[in-house]
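Asker: Take this structure first; my questions come after.
The values are calculated or read from the model by the stated rules, or taken from the named source; none is laboratory data. Note that this is a predicted model, so its numbers are computed, not measured. Note that we place each Cβ from the backbone using ideal geometry, even for glycine, and neighbour counts take in every protein chain shown. To get the accessible areas, we keep the full protein, side chains included, count just its heavy atoms, and leave off ligands, DNA and RNA. Shrake-Rupley method; radii C 1.70, N 1.55, O 1.52, S 1.80 Å.
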Amino acid sequence: MNGSGVLYLGLRYLRRNRVKTLLLLAAFTLVWLLPAGIGLIVAKVEAQLRARAVGTPLLLGQAGSPLELVFNGLYFTKPELATLPLREVEAAAESGFAQVIPIHARQSAGTHRIVGTTLDYFDFRRLEIQDGRQLLRLGECVVGAGVAEKNELAPGDAVISTPGTLFDLAGVYPLKMTVVGVLAPTASPDDEAIFVDLKTAWIIEGLGHGHDEAEALDEDQKLAPASPGDTAVRLNASVVEYNEITPENAERFHFHGDTADYPVTAAIVIPPDDRKAALLKGRYTKAGGLQLISPAGEMDELFATVFRVQRFVLGLLLAIGLATLVIGALVFLLSHRLREEEFRHLRHLGADPATLRALVAFEAVFVLFVSLLASGAGLALIHFLAPFVIGKLLG
Amino acid sequence: MIRCKKIDFRYPGESFQLSIDDFFVGKGETVALIGPSGCGKTTLMNLISGILTPAEGSVTVNGVLVNELAVAARQRFRLAKIGLVPQNFELLDYLTIRENILVPFHIGAELRFSEEMGERCEDLAERAGIAAQLDKFPRQLSQGERQRAALCRGLVTSPPLLLADEPTGNLDPDNQDKIVSLLLGEAARIGASVLMITHDPLLLPRFGRVVEVGKLRRRGGGA
């Protein structure tokens with residue numbers, strides 16, 4: 001057999017029939033790639049979601065969708081999640097059954113979530129400052145490695161929060177925050193978050209603000225007393241609020257009302273042992289309006305559903321794949337019929353039987369081999385793009 | 001060069017039978033095969049080339065008993081020793097004319113392509129008047145041009161035996177003369193024997209010998 005001759009003739013035949021060849025290649029590539037690609041994406045999503053879920057013992061949040069609570073508390077999505085007052089977080093901490101870390105993930109700066117929390121969060125997630133220092137004052141932020149890379153941020157730069165709505169009549173202004181630290185990459189949602197102190201998060205939400213001393217303001221910036229004898233100074237909307245917290249104005253930032261009533265979206269609850277975890281869970285099964293959930297358990301339920309759907313989809317793909325393979329086989333068979341005259345010509349010229357057999361098989365082998373290669377390349381691309389795709393899915 | 005002895009051939013399921021007592025073509029000899037349609041000219045040529053094998057008798061080409069060879073060996077023998085110019089050209093439609101002429105170098109292990117072969121292909125195409133068509137596909141050529149391309153393919157390997165089945169059938173008289181000149185000239189240059197089927201009496205004087213197939217057939221062996 002003349003191997004190079006088979007390659008020479010086979011490739012020329014495919015080149016001359018390139019439309020048919022490309023259609024066959026596309027069909028066969030999809031047959032291999034779709035089930036494998038779906039499996040790969042699901043496996044990667046599962047691995048990523050489970051890793052973070054398993055690393056988070058319990059989550060406390062307002063009653064509602066447990067899955068949304070998991071997504072907010074772990075991945076900082078679902079900012080519209082119902083909040084719970086800080087008082088409940090403090091109560092859980094004071095129970096002595098667990099360490100509790102509040103999470104406030106409602107605001108954002110561009111596409112990055114601003115996460116208000118305490119320093120305990122960094123210890124709990126083993127987040128290390130790669131450049132700069134940890135949060136010390138109001139108005140400071142520490143950014144994840146992904147945020148720093150995408151926005152070319154370094155300590156000393158500034159990040160501005162994005163108002164919830166463009167025409168916010170409540171007057172929640174964007175807050176300019178100073179980047180004081182950049183976290184080491186962790187390949188987790190923490191890379192894409194901007195971390196601030198809980199109070200800074202409340203200021204961004206408009207629950208706290210800073211402005212010049214009321215006594216130093218002009219009279220036309222003050223409201224008339226509500227009643228005769230009312231000595232409280234009330235200011236009107238002409239008073240300009242600070243849009244940046246600096247060492248000079250930090251003391252003029254304040255909150256009205258009791259901060260224990262201020263919202264957090266979730267709280268990470270870390271009981272020291274299973275007994276205390278069970279006791280704590282017992283409390284919240286009865287407590288109205290709140291839920292204490294195990295993220296790993298929620299993920300198990302989520303993936304049980306995902307796998308059921310995946311099995312169904314794979315079954316459909318298998319049926320479609322089999323149909324495609326049968327059609328492909330038919331195409332090869334018809335192609336062979338159409339080429340019988342060509343093979344007879346080659347036989348007349350003196351092509352040996354092995355060369356003829358190889359030529360007959362070449363088209364099918366080529367399509368199968370190249371479609372497998374293309375599927376491999378597709379899988380590599382999915383593997384490469386998976387973090388981005390998963391980010392989009394979670395977003 | 002060629003000797004067919006006491007051969008009998010019958011197509012399965014058909015009444016046609018070709019029976020020849022003795023047929024001989026010497027080395028370097030040029031022979032024109034003539035006869036009415038259906039008398040067995042192409043069948044005889046196919047028996048000599050090993051495309052068909054006789055039920056009885058022997059076909060010897062270049063000292064090799066062709067009909068005794070196994071299929072693969074017979075194919076290899078034909079590729080290496082016989083230049084075939086079929087009546088219906090047998091060009092591959094997905095190859096250019098250049099690739100078609102050079103196709104014998106890609107279908108077996110006996111012949112290896114070299115740059116020299118590429119030059120020979122261009123030289124033959126030039127002499128056959130199809131040099132400008134080398135990079136076109138068969139469907140872009142006229143019948144006559146395809147015929148000449150098939151002739152160039154038969155000659156490109158410089159085989160010791162050339163079998164041509166009406167290679168001038170699709171050509172005008174001027175081109176017929178050119179093609180026969182090319183065929184016979186090239187055969188003389190490489191010392192090849194030529195066996196050519198033709199219906200054109202004007203071409204017969206150019207051959208060393210003219211054989212009427214009907215007269216070769218044994219009595220009682222006709223259709």
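Asker: So which pairs qualify, if the first residue must be in the range B:122-149 and polar (S, T, N, Q) and surrounded by fewer than 22 Cβ atoms within 10 Å (Cβ to Cβ), the second must be at pLDDT below 95 and part of a helix (DSSP H, G or I), the Cβ gap must be under 6 Å, and the two must be at least 6 apart or on different chains?
Answerer: B:133/B:145
Asker: May I pose another question? Is it fair to say residue A:142 is in a strand (DSSP E or B), under 24 Å from the mean Cα position of the chain (by Cα) and surrounded by 20 or more Cβ atoms within 10 Å (Cβ to Cβ)?
Answerer: For residue A:142, the condition - in a strand (DSSP E or B), under 24 Å from the mean Cα position of the chain (by Cα) and surrounded by 20 or more Cβ atoms within 10 Å (Cβ to Cβ) - is met.
Asker: When the range B:163-186 is examined, which residues are found to be in contact with a Gly (Cβ under 9 Å, 6 or more places away or on another chain), closer than 21 Å to residue B:39 by Cβ and at pLDDT 90 or above?
Answerer: B:163, B:164, listed by residue number.
Asker: Let me ask you something else. Which of the numbered conditions does residue B:44 fail, given that it passes all the others? Conditions: (1) part of a helix (DSSP H, G or I); (2) within 14 Å of chain A (Cβ to nearest Cβ).
Answerer: Among (1) part of a helix (DSSP H, G or I); (2) within 14 Å of chain A (Cβ to nearest Cβ), the lone unmet condition for residue B:44 is (2).
Asker: Just wondering, is there one or more residues in the range A:293-305 that are crowded, with 16+ Cβ neighbours inside 10 Å and not in a helix (DSSP H, G or I)?
Answerer: For the range A:293-305, residues crowded, with 16+ Cβ neighbours inside 10 Å and not in a helix (DSSP H, G or I): present.
Asker: Does residue B:33 fit the bill of being within 23 Å of residue B:155 (Cβ to Cβ), more than 14 Å from every other protein chain (Cβ to nearest Cβ) and not in a helix (DSSP H, G or I)?
Answerer: yes
Asker: While we're on this one: Tell me, which residue of the range B:157-205 that is in contact with a Pro (Cβ under 7 Å, 6 or more places away or on another chain) and within 14 Å of chain A (Cβ to nearest Cβ) is most open to solvent (accessible area, probe 1.4 Å)?
Answerer: Across the range B:157-205, the extreme among qualifying residues is B:157.
Asker: How do the pairs read when you match residues in the range A:79-91 that are under 16 Å from residue A:207 (Cβ atoms) and assigned to a loop (DSSP other than H, G, I, E, B) with residues anywhere that are open to solvent by 40 Å² or more (accessible area, probe 1.4 Å) and at pLDDT 90 or above, using Cβ under 9 Å and keeping only pairs 6 or more apart or on different chains?
Answerer: A:79/A:106; A:79/A:113; A:83/A:62; A:83/A:106
Asker: Report whether or not residue A:75 is in contact (Cβ under 8 Å) with a residue 60 or more places away in the chain, within 14 Å of another protein chain (Cβ to nearest Cβ), surrounded by 19 or more Cβ atoms within 10 Å (Cβ to Cβ) and hydroxyl-bearing (Ser, Thr, Tyr).
Answerer: Criteria not met by residue A:75.
Asker: Select from the range A:349-369 the residues that are within 12 Å of another protein chain (Cβ to nearest Cβ) and either buried (at least 18 other Cβ atoms within 10 Å of the Cβ) or more than 11 Å from residue B:107 (Cα to Cα) (or both) and list them in ascending order.
Answerer: Once the filter is applied, which keeps residues that are within 12 Å of another protein chain (Cβ to nearest Cβ) and either buried (at least 18 other Cβ atoms within 10 Å of the Cβ) or more than 11 Å from residue B:107 (Cα to Cα) (or both), the range A:349-369 yields A:349, A:350, A:351, A:352, A:355, A:356, A:357, A:358, A:359, A:363.
Asker: Quick one: how many residues across the range A:1-60 are within 14 Å of another protein chain (Cβ to nearest Cβ) and open to solvent by 30 Å² or more (accessible area, probe 1.4 Å)?
Answerer: Of the residues in the range A:1-60, 13 are within 14 Å of another protein chain (Cβ to nearest Cβ) and open to solvent by 30 Å² or more (accessible area, probe 1.4 Å).
Asker: Now a separate question. Report every pair of residues separated by at least 6 positions or lying on different chains whose Cβ atoms are under 6 Å apart, first residue within the range A:359-388 and farther than 23 Å from residue A:326 by Cβ, second part of a helix (DSSP H, G or I) and of a type in the set (Lys, Arg).
Answerer: If the second residue must be part of a helix (DSSP H, G or I) and of a type in the set (Lys, Arg), the pairs left are A:386/A:44.
Asker: Quick check on the range B:51-69. Is at least one of its residues in a loop (DSSP other than H, G, I, E, B), β-branched (Val, Ile, Thr), touching a strand residue (DSSP E or B) at 6+ places or on another chain (Cβ under 9 Å) and within 14 Å of chain A (Cβ to nearest Cβ)?
Answerer: Yes.
Asker: Go through A:3, A:64, A:96 for me and flag whichever is closer than 27 Å to residue A:328 by Cβ and modelled with pLDDT under 90.
Answerer: Answer to the check: A:3.
Asker: Right, next: Counting only residues that are in contact with a helix residue (DSSP H, G or I) (Cβ under 8 Å, 6 or more places away or on another chain) and open to solvent by 40 Å² or more (accessible area, probe 1.4 Å), which one in the range B:61-93 is nearest to residue A:351 (Cα to Cα)?
Answerer: Of everything passing the filter in the range B:61-93, B:71 is nearest to residue A:351 (Cα to Cα).
Asker: So residue A:214 clears everything in (1) over 20 Å from residue A:78 (Cα atoms); (2) open to solvent by less than 30 Å² (accessible area, probe 1.4 Å); (3) at pLDDT 70 or above except one condition, right? Which one?
Answerer: Every listed condition holds for residue A:214 apart from (3).
Asker: Could you tell me whether residue A:341 is assigned to a helix (DSSP H, G or I) and within 14 Å of another protein chain (Cβ to nearest Cβ)?
Answerer: Considered against the rule, which asks whether it is assigned to a helix (DSSP H, G or I) and within 14 Å of another protein chain (Cβ to nearest Cβ), residue A:341 comes out as yes.
Asker: Still on this model: Restricting attention to the range B:119-138, does a residue exist that is within 13 Å of another protein chain (Cβ to nearest Cβ) and part of a helix (DSSP H, G or I)?
Answerer: Yes, the range B:119-138 has at least one match.
Results for (1) under 20 Å from residue A:390 (Cβ atoms); (2) modelled with pLDDT of 90 or more; (3) in the same structural domain as residue A:281 (by TED's automatic domain parsing), shown as yes or no for each residue.
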site: A:15; (1), (2), (3): no, yes, no
site: A:22; (1), (2), (3): no, yes, no
site: A:28; (1), (2), (3): no, yes, no
site: A:33; (1), (2), (3): yes, yes, no
site: A:40; (1), (2), (3): yes, no, no
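Asker: Scan the range A:8-26 and report the pairs whose first residue is among the β-branched types (Val, Ile, Thr) and whose second residue is surrounded by fewer than 14 Cβ atoms within 10 Å (Cβ to Cβ), with Cβ atoms within less than 9 Å and a gap of 6+ or a chain change.
Answerer: A:21/A:15
Asker: Can you tell me which residue in the range B:99-118 is farthest from the other protein chains (Cβ to nearest Cβ), limited to those that are part of a helix (DSSP H, G or I) and surrounded by fewer than 19 Cβ atoms within 10 Å (Cβ to Cβ)?
Answerer: B:116
Asker: Take the range B:71-98 and flag every residue that is facing another protein chain (nearest Cβ under 7 Å) and either of a type in the set (Phe, Trp, Tyr) or at negative phi (or both).
Answerer: B:71, B:72, B:75, B:76, B:78, B:79, B:84, B:86, B:92, B:94, B:95
Asker: Something else: State whether the residues of the range A:115-123 include one that is part of a loop (DSSP other than H, G, I, E, B) and open to solvent by 50 Å² or more (accessible area, probe 1.4 Å).
Answerer: No, the range A:115-123 contains no residue that is part of a loop (DSSP other than H, G, I, E, B) and open to solvent by 50 Å² or more (accessible area, probe 1.4 Å).
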